[in-house]
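Comments concern the structure below.
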Amino acid sequence: MEHRKCYELKDLISEIKSRLHEINNAFFKSNMIYHIYNELGIMWSILHQFRIEKQPADDDLYFMSIQKIAIKCTQMRSDLKPLVGESEKKFNKEEVEREYMILRRYVLGLEKSIVKQFYFWDKGVVAKKILSIERAAANSSKSEITIRRYIKSETVKAYKLIKIWWIPIEELKNIKRGQQK
């Protein structure tokens, strides 16, 4: 399945998560709003450039997640713009943190939809649910070590994005039935 689009999507999620990390760090800096505002702009630009250059189709499984993140970045920047340069006391930090957590959930959704897209390209089936190794172990009543062994032996099809392995739930059903790849 390793074709050009896979690398492009892996690069996209890596860049987006890097920006998310910078936003998280901004909560501990002076001039916090300015830093968050700028990072949201960079994140939006990355998404916009990806949409222009790669032209994902509306039916690509990750397309709606990209749209949600871009809209959230725009909305957060709009909310923060009047506060840039203002005193840190004039805004509700808890509200900014709440919006940031929503953005993080959207990025996690993008990761999972990218894995669904990879699985679709590999198997021709849309995965119903994507699990981390920890969740897969709990869901299958197997240990995390056993799940990792299944991945290594290619008994279970899994996808690594950045540092996290993601497993389509359909692959766990094969383990439960004792089926091998």
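The values are calculated or read from the model by the stated rules, or taken from the named source; none is laboratory data. Model, not experiment: these values are computed from the prediction. Cβ: placed from backbone, ideal geometry, glycine included. Neighbour counts: every protein chain shown.
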Inset, instruction - Answer with yes or no whether Glu144 is without any contact (Cβ under 8 Å) to a residue 24 or more places away in the chain, of a type in the set (D, E, K, R), more than 26 Å from Asn38 (Cα to Cα) and out of contact with any strand residue (DSSP E or B) (no Cβ under 7 Å at 6 or more places or on another chain). - result: yes
Inset, instruction - Just give me the residues in segment 155-181 being modelled with pLDDT under 90, of a type outside the set (S, T, N, Q) and out of contact with any helix residue (DSSP H, G or I) (no Cβ under 7 Å at 6 or more places or on another chain), in sequence order. - result: Lys163, Lys173, Arg177, Gly178, Lys181
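A quick yes/no check of all residues on (1) more than 30 Å from Glu22 (Cβ to Cβ); (2) among the aromatic types (Phe, Trp, Tyr); (3) not assigned by TED's automatic domain parsing to the domain that holds Gln67:
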site: Met101; (1), (2), (3): no, no, no
site: Arg104; (1), (2), (3): no, no, no
site: Gly109; (1), (2), (3): no, no, no
site: Lys112; (1), (2), (3): no, no, no
site: Gln117; (1), (2), (3): no, no, no
site: Glu134; (1), (2), (3): no, no, yes
site: Ser140; (1), (2), (3): yes, no, yes
site: Arg148; (1), (2), (3): yes, no, yes
site: Ile151; (1), (2), (3): yes, no, yes
Inset, instruction - Check whether at least one residue in segment 100-112 is among the acidic types (Asp, Glu) and touching a strand residue (DSSP E or B) at 6+ places or on another chain (Cβ under 7 Å), and report yes or no. - result: yes
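Could you tell me which residue of segment 116-136 is surrounded by the fewest Cβ atoms within 10 Å (Cβ to Cβ), considering only residues that are within 14 Å of Ile164 (Cα to Cα) and free of Cβ contacts under 8 Å to residues at least 40 places away in the same chain?
Residue satisfying both the conditions and the ranking: Glu134.
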Inset, instruction - Would you confirm whether any residue within segment 37-44 is surrounded by 14 or more Cβ atoms within 10 Å (Cβ to Cβ), without any contact (Cβ under 8 Å) to a residue 40 or more places away in the chain and within 15 Å of the chain's Cα centre (by Cα)? - result: yes
Inset, instruction - Report yes if Lys68 is under 16 Å from Ile102 (Cα atoms), of a type in the set (D, E, K, R) and surrounded by fewer than 20 Cβ atoms within 10 Å (Cβ to Cβ), otherwise no. - result: yes
